[in-house]
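Asks: This is the structure, below, for whatever I ask next.
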Amino acid sequence: MAGAKNTKLTTGKKADNNIPNLFEKRLEMLTQGYTEKEEWRTTSIGIPRALMVYYQQFPFWRTFFEELGFTIVVSRESDKTLVTESIETMTTETCLPVELMHGHVIDLVNRGVDYIFIPFIVNAKEREGNKTFNCNCPWVQTYPFMVKAALKGKIE
């Protein structure tokens, strides 16, 4: 074809881009200094590996409960089995992150923790200079109540 330029298609990826995995970095920062104890010597409190409770506020809640003398136990990472267990206990259709909360609670129950921490949080604190109203989704607000209703008779 006359006048056609010789163009080369590329994927846009460099062979060695040196871009850090920010998900891994965030998880590393969240869990800095935390290692789960193999033997629980004090009353245990389970923290579900879910939205706000874990991925946004774990350092705060971990410090709070450790200072009170609790042994902190975190639910396992989400996997296919946990998703299946979650969906089997659901009483209504919700988004996946809310459904996963059920599986994380079941995991903690099966591990024998003494208590499970699922706070009832309506609003998150606003950041200085950001006047956005930080209201949580109604499903997130109702975590404790939905899980309790869905697992009634299966756990105390």
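The values are calculated or read from the model by the stated rules, or taken from the named source; none is laboratory data. Just so it is clear, the structure is predicted and the values come from calculations on it, not from any experiment. Heads up, the Cβs are rebuilt from the backbone with ideal geometry, glycines too, and the neighbour counts pull from every protein chain shown.
Asks: Which of the residues spanning the stretch 31-54 are under 16 Å from the mean Cα position of the chain (by Cα) and either assigned to a helix (DSSP H, G or I) or of a type in the set (A, V, I, L, M, F, W, C) (or both)?
Replies: Correct list: Ile45, Ile47, Ala50, Leu51, Met52, Val53, Tyr54.
Asks: What's the total number of residues in the stretch 69-98 that are touching a Ser or Thr at 6+ places or on another chain (Cβ under 7 Å) and over 30 Å from Thr42 (Cα atoms)? Explain how you work it out, then say what you get.
Replies: Initial filter on the stretch 69-98 (touching a Ser or Thr at 6+ places or on another chain (Cβ under 7 Å)): 69-71, 73.
Subsequent filtering for residues that are over 30 Å from Thr42 (Cα atoms) retains none.
Counting residues in the stretch 69-98 that are touching a Ser or Thr at 6+ places or on another chain (Cβ under 7 Å) and over 30 Å from Thr42 (Cα atoms) gives 0.
Asks: Check Glu126 against each of (1) in a helix (DSSP H, G or I); (2) farther than 13 Å from Gly46 by Cβ; (3) touching a Ser or Thr at 6+ places or on another chain (Cβ under 7 Å) and name the one condition it does not meet.
Replies: Here Glu126 meets the rest and fails (1).
Asks: Now for a separate question. Only one of (1) touching an Asp or Glu at 6+ places or on another chain (Cβ under 7 Å); (2) touching a residue at least 60 places away in the same chain (Cβ under 8 Å) is not met by Leu82, so which one is it?
Replies: With respect to (1) touching an Asp or Glu at 6+ places or on another chain (Cβ under 7 Å); (2) touching a residue at least 60 places away in the same chain (Cβ under 8 Å), Leu82 is out only on (2).
Asks: A further question on this structure: Please work out if Gly112 is more than 18 Å from the chain's Cα centre (by Cα) and either modelled with pLDDT of 85 or more or over 21 Å from Phe60 (Cβ atoms) (or both). Steps first, please.
Replies: Values: more than 18 Å from the chain's Cα centre (by Cα): yes; either modelled with pLDDT of 85 or more or over 21 Å from Phe60 (Cβ atoms) (or both): yes.
The answer is yes for Gly112.
Asks: Could you list, ordered by first residue, the pairs with Cβ atoms under 9 Å in which the first is in the stretch 135-155 and over 12 Å from Phe120 (Cβ atoms) and surrounded by 13 or more Cβ atoms within 10 Å (Cβ to Cβ) and the second is among the charged types (D, E, K, R) and at pLDDT 80 or above, at least 6 apart or interchain?
Replies: Ile155/Lys148
Asks: Also: Using the structure shown, decide if Ile118 is under 19 Å from the mean Cα position of the chain (by Cα), closer than 23 Å to Ile45 by Cα and in a loop (DSSP other than H, G, I, E, B). Explain how you work it out, then say what you get.
Replies: Details: under 19 Å from the mean Cα position of the chain (by Cα): yes; closer than 23 Å to Ile45 by Cα: yes; in a loop (DSSP other than H, G, I, E, B): yes.
In short, yes.
Asks: Additional query: Restricted to the stretch 55-95, and to residues that are in a helix (DSSP H, G or I) and hydrophobic (A, V, I, L, M, F, W, C), which residue is modelled with the lowest pLDDT? Outline the logic, then answer.
Replies: Taking the stretch 55-95 as the starting set, the residues that turn out to be in a helix (DSSP H, G or I) are 55-56, 58-67, 80-89.
Applying the additional criterion that residues be hydrophobic (A, V, I, L, M, F, W, C) yields 58, 60-61, 64-65, 82-83, 87.
Values: Phe58: 90, Phe60: 90, Trp61: 91, Phe64: 94, Phe65: 94, Leu82: 90, Val83: 89, Ile87: 84.
Applying the filter and picking the extreme gives Ile87.
Asks: Then there is this: Please verify whether the stretch 93-101 includes one or more residues that are over 25 Å from Arg26 (Cα atoms) and surrounded by 11 or more Cβ atoms within 10 Å (Cβ to Cβ).
Replies: Residues of the stretch 93-101 over 25 Å from Arg26 (Cα atoms): 93-94.
Applying the additional criterion that residues be surrounded by 11 or more Cβ atoms within 10 Å (Cβ to Cβ) yields 94.
Yes.
Asks: Here's another thing I want to ask about it. Just to check your reading of the model, which residue among Glu39, Glu77, Glu88 is farther than 28 Å from Ala150 by Cβ and loosely packed, with under 15 Cβ neighbours inside 10 Å?
Replies: When all the criteria are applied, what remains is Glu39.
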